[in-house]
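S.K.: The structure that follows is given in the form of structure tokens.
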């Protein structure tokens, strides 16, 4: 599906964005697995297929990968595209997913609600519920 060299480059580029693409517990697991796969990429031939399988498991990482490899979006521009909801063609405005932050002042944990049914998680560091960002993100 994707050329191995582009897939490996994409895997390196997506690493810093995984915590923003996935729920905290899943993001930690995926980050660890991806790090392990990338460290063996030098010695193994078919690690690219394992990376593809890992990143294709979740809608957000799959879409990030598609936008990066197929659409040639810059890595740092993809989050905004993924978080933007495009309404029906007749409307002209887009809506961004609400951002939630850890209420502890020095903490930089963020989470984006992709569905109204999602339960707002606790900060994985401070174990307090995240609060909606009042800046309208």
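The values are calculated or read from the model by the stated rules, or taken from the named source; none is laboratory data. What you are looking at is a predicted structure, and each value in this text was computed from that prediction instead of being measured. For neighbour counting, all protein chains shown are included, and Cβ atoms are generated from backbone atoms with ideal geometry for every residue, glycine included.
S.K.: What are the residues in segment 9-25 that are buried (at least 18 other Cβ atoms within 10 Å of the Cβ) and assigned to a helix (DSSP H, G or I), if any?
M.R.: Within segment 9-25, 10, 11, 14, 17, 18, 19, 21 qualify.
S.K.: Go through 129, 49, 45 for me and flag whichever is closer than 21 Å to residue 8 by Cα, more than 18 Å from the chain's Cα centre (by Cα) and at pLDDT 85 or above.
M.R.: Values: 129 fails: closer than 21 Å to residue 8 by Cα; 45 fails: at pLDDT 85 or above.
Selected residue: 49, the only one of 129, 49, 45 that is closer than 21 Å to residue 8 by Cα, more than 18 Å from the chain's Cα centre (by Cα) and at pLDDT 85 or above.
S.K.: Hey, any hits in segment 26-42 for a residue that's under 20 Å from residue 113 (Cβ atoms), in contact (Cβ under 8 Å) with a residue 60 or more places away in the chain and assigned to a helix (DSSP H, G or I)?
M.R.: Step one: filter segment 26-42 for residues under 20 Å from residue 113 (Cβ atoms), giving 26-28, 30.
Narrowing the set further to residues that are in contact (Cβ under 8 Å) with a residue 60 or more places away in the chain leaves 28.
Those still in the list that are assigned to a helix (DSSP H, G or I) too: 28.
The answer is yes, given that some residue of segment 26-42 is under 20 Å from residue 113 (Cβ atoms), in contact (Cβ under 8 Å) with a residue 60 or more places away in the chain and assigned to a helix (DSSP H, G or I).
S.K.: In segment 32-47, is there at least one residue being closer than 22 Å to residue 81 by Cα and surrounded by 14 or more Cβ atoms within 10 Å (Cβ to Cβ)? Steps first, answer last, please.
M.R.: Our first condition is that a residue be closer than 22 Å to residue 81 by Cα; within segment 32-47, this holds for none.
So far as segment 32-47 goes, no, none of its residues is closer than 22 Å to residue 81 by Cα and surrounded by 14 or more Cβ atoms within 10 Å (Cβ to Cβ).
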